[in-house]
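This report refers to the structure that appears directly beneath it.
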Amino acid sequence: MDLQQATLPSWSANTDPLAPVLTLDRVDKGFVVEKKRIAALSGVSCAIQPGRVTGLIGPDAAGKTTLMRLCAGLLLPDRGTVQVLGIDVARNPLEVQAQIGYMPQRFGLYEDLSVRENLDLYADLQGVPINKRNERYQQLLAMAGLEGFQRRLAGRLSGGMKQKLGLVCALVQPPRLLLLDEPTVGVDPVSRRELWQIVYHLVKAESMSVLLSTAYLDEAERCAEVVLIHGGRILGHDDPKNFSRQVAGRTWLIRAPMLAKRALQRELSRDPAVLDALVLGTSVRVVSRDRNPLTLAALSVPAGAEVLPVTPRFEDYFVATLKDQTAGRENSRIALATLTNRGGGEEVITVDHLVRRFGTFCAVDQVSFRVRSGEIFGLLGANGAGKTTTFRMLCGLLPITSGTCTVAGLNLRTAAAAARGHIGYMAQKFSLYGNLTVRQNLRFFSSAYGLHGQRRRRQIDWALATFDLAPYADTEGQDLPLGFKQRLALAVALMHEPEVLFLDEPTSGVDPLARRDFWTQINSLADQGVTVLVTTHFMEEAEYCDRLVIMADGRVLAEGTPEEMKNQKNGGAPGSEATMEDAFISLLQDHQSTGTLP
């Protein structure tokens, strides 16, 4: 992707170049849901400065998307004013829309149209003259690395390429202000970095202003400034480094060689001195409740542990500020209703020379690995690597071309239906019935899993209580906040107490607090002997895996523990500082440069 050659046509500016590109003044916005009025934004005031990337950060249901849609002229405020580029949005929404670019979470690509046809469609909508299109397309496609894909159908692009095409379509008419609503959700780390390169280039070369919301808090640190929003109110607006400094003296790395990393995290999470505990390699990163020095004597961990101070991150501030304010469930471990511990470490999933072809295209080529009882096993890869196809075959959702695969002792080629009775499955996208209530979804899927009578009633009551769904029991699935949709999906997957749980990017788009809560639940299931196979694009989540496989071009590129992967990046040097994202990108880049696989 050659960003140096990608120069977009400049716009004609009539406004003061130093004036804020976006101003909100005491803005309120509410919605009526099930005859109840919900306040999405309350008294929001802020000013976004030009020529920089501003991050909009907050937990689920904080009001981020509502704010974005107000700025794009797609919603009108109940009270207060929104000005974009000096234009009152309420009075002239169409004028605003003509001067900005807006990429929502679910960008409207037409998958049955080619890349070029999608560009033509958006050029028509944005009024781009025909005689200026070819030059514009060439510049944008070069910037996004899509030059060679103009004739490919959008539906056949990888997830990362679709996101880049969506961004290109939003830029067909060069905007002065670009609004990006979580553009990197569901995108692998390589594509994430490429998207950020595009954003940086637009700001530097074109003096474009960007307002970007994201669920990845490491991306907040790439922004010039951050607006932190929670419960429809702005909690702060500053340089991310200034937020991080506010938790100086409260961030630690704890190592305890005598304890497994999940056991160490569990013990620290219970400690009254600890506000947050996050698995990081073989260690646990901790945010303490106050600035008092955190010593081994003050912690509920065995002798021989090591406590080291570390530099605070924006995520540490985010968690420290919001964890006590958010109605989450700290240490919300799941106790399955009737399951006894399935220990023993026997092989529960076996994959031997697995192959899947679509016509002449080989999506999965000779993949082999083993997963043991009670293990959390990660299946990683860039978009288009074949991991989703592999995942769907392991769930019995896609026929196997050749090779063998067993789950819970059942051969998926000959007994796929029987194997599915031992499997719980949680899809990346909410796949339950949106027009059914929470209770109706639980009733339907418990019956589908063969639960009846008293056992079904007991399991429904268990799900409502365990996942704090009782207040939402009569709410339709489509009206649930994202975090509660995730809880319902996990509850449904566990109704029949499966031996194996398949999780397909389960925390995509979910804020860090909800992700922590989710992984506490998953760790508790693994402790009870449930075998978990997970795909994820959050590389910090890969740290929770006992072992993992990284795929490329349909084959296994690397297999091992997260620590082994990171040591490959650093040549096995002790005290490795490499992250899983560093290791993941390094392995893929080495593969792309050599074209070889193990």
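Miscellaneous remarks
- Qualifying residue in region 424-437 (condition: within 29 Å of residue 588 (Cβ to Cβ) and part of a helix (DSSP H, G or I)): no
- Residue match in region 385-404 (condition: in a loop (DSSP other than H, G, I, E, B), closer than 26 Å to residue 193 by Cβ and at pLDDT below 90): yes
- Filtered residue count, region 271-323, keeping only those that are of a type in the set (Gly, Ala, Ser) and within 23 Å of residue 510 (Cβ to Cβ): 3
- Some residue of region 59-79 being part of a strand (DSSP E or B), open to solvent by less than 60 Å² (accessible area, probe 1.4 Å) and not basic (Lys, Arg): no
- Scanning region 212-264 for residues that are modelled with pLDDT of 90 or more, buried (at least 20 other Cβ atoms within 10 Å of the Cβ) and closer than 28 Å to residue 305 by Cα yields a count of 6.
- For residue 181: the one exception among (1) out of contact with any helix residue (DSSP H, G or I) (no Cβ under 6 Å at 6 or more places or on another chain); (2) at pLDDT 90 or above: (1)
- Residue 180 being in a strand (DSSP E or B) and under 29 Å from residue 550 (Cβ atoms): yes
Conditions (1) farther than 18 Å from residue 188 by Cα; (2) in contact with an Asp or Glu (Cβ under 6 Å, 6 or more places away or on another chain); (3) surrounded by 19 or more Cβ atoms within 10 Å (Cβ to Cβ), marked per residue:
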| residue | (1), (2), (3) |
| --- | --- |
| 364 | yes, no, yes |
| 368 | yes, yes, no |
| 371 | yes, no, yes |
| 374 | yes, no, yes |
| 383 | no, yes, yes |
| 387 | no, no, yes |
| 396 | yes, no, yes |
| 402 | yes, no, no |
| 405 | yes, no, yes |
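- Selection of region 463-518 for residues being open to solvent by less than 30 Å² (accessible area, probe 1.4 Å) and among the small types (Gly, Ala, Ser) yields 463, 473, 477, 483, 489, 491, 493, 508, 509, 514.
- Residues of region 559-577 satisfying the condition of being crowded, with 19+ Cβ neighbours inside 10 Å and either modelled with pLDDT of 85 or more or within 23 Å of the chain's Cα centre (by Cα) (or both): 562, 565, 566
- Across region 122-132, the qualifying residues are those that are without any contact (Cβ under 8 Å) to a residue 24 or more places away in the chain and either within 15 Å of residue 166 (Cβ to Cβ) or part of a helix (DSSP H, G or I) (or both), and the one among them that is least open to solvent (accessible area, probe 1.4 Å) is 124.
- Pairs with Cβ under 6 Å, 6+ apart, first in region 63-75 and farther than 16 Å from residue 86 by Cβ and modelled with pLDDT under 95, second acidic (Asp, Glu) and open to solvent by less than 10 Å² (accessible area, probe 1.4 Å): 65/181; 68/181
- Complete set of residues in region 107-121 that are open to solvent by less than 40 Å² (accessible area, probe 1.4 Å) and farther than 21 Å from residue 181 by Cα: 114, 115
- Residue in region 32-46 that is touching a Pro at 6+ places or on another chain (Cβ under 8 Å), farther than 30 Å from residue 135 by Cβ and either assigned to a helix (DSSP H, G or I) or open to solvent by 70 Å² or more (accessible area, probe 1.4 Å) (or both) present: no
- A count restricted to region 408-453 and to residues that are at pLDDT 85 or above, hydroxyl-bearing (Ser, Thr, Tyr) and open to solvent by 20 Å² or more (accessible area, probe 1.4 Å) stands at 4.
- Hey, residue 91 in a strand (DSSP E or B) and either modelled with pLDDT of 90 or more or open to solvent by 60 Å² or more (accessible area, probe 1.4 Å) (or both) or not: no
- Residue within region 150-158 that is touching a His at 6+ places or on another chain (Cβ under 9 Å) and modelled with pLDDT under 85 present: no
- In region 246-281, the residue that is nearest to residue 565 (Cα to Cα) out of those that are in a loop (DSSP other than H, G, I, E, B) and touching a strand residue (DSSP E or B) at 6+ places or on another chain (Cβ under 7 Å) is 250.
- Qualifying position, being assigned to a helix (DSSP H, G or I) and either at pLDDT 90 or above or open to solvent by 20 Å² or more (accessible area, probe 1.4 Å) (or both), among 321, 340, 326, 350: 321
The values are calculated or read from the model by the stated rules, or taken from the named source; none is laboratory data. Bear in mind that the values here come from a model prediction, so they are computed numbers and not experimental data. In this analysis, Cβ positions are derived from the backbone assuming ideal geometry, glycine residues included, and neighbour counts consider all displayed protein chains. What goes into the accessible areas is simple: the full protein's heavy atoms, side chains included, and nothing from ligands, DNA or RNA. Shrake-Rupley method; radii C 1.70, N 1.55, O 1.52, S 1.80 Å.
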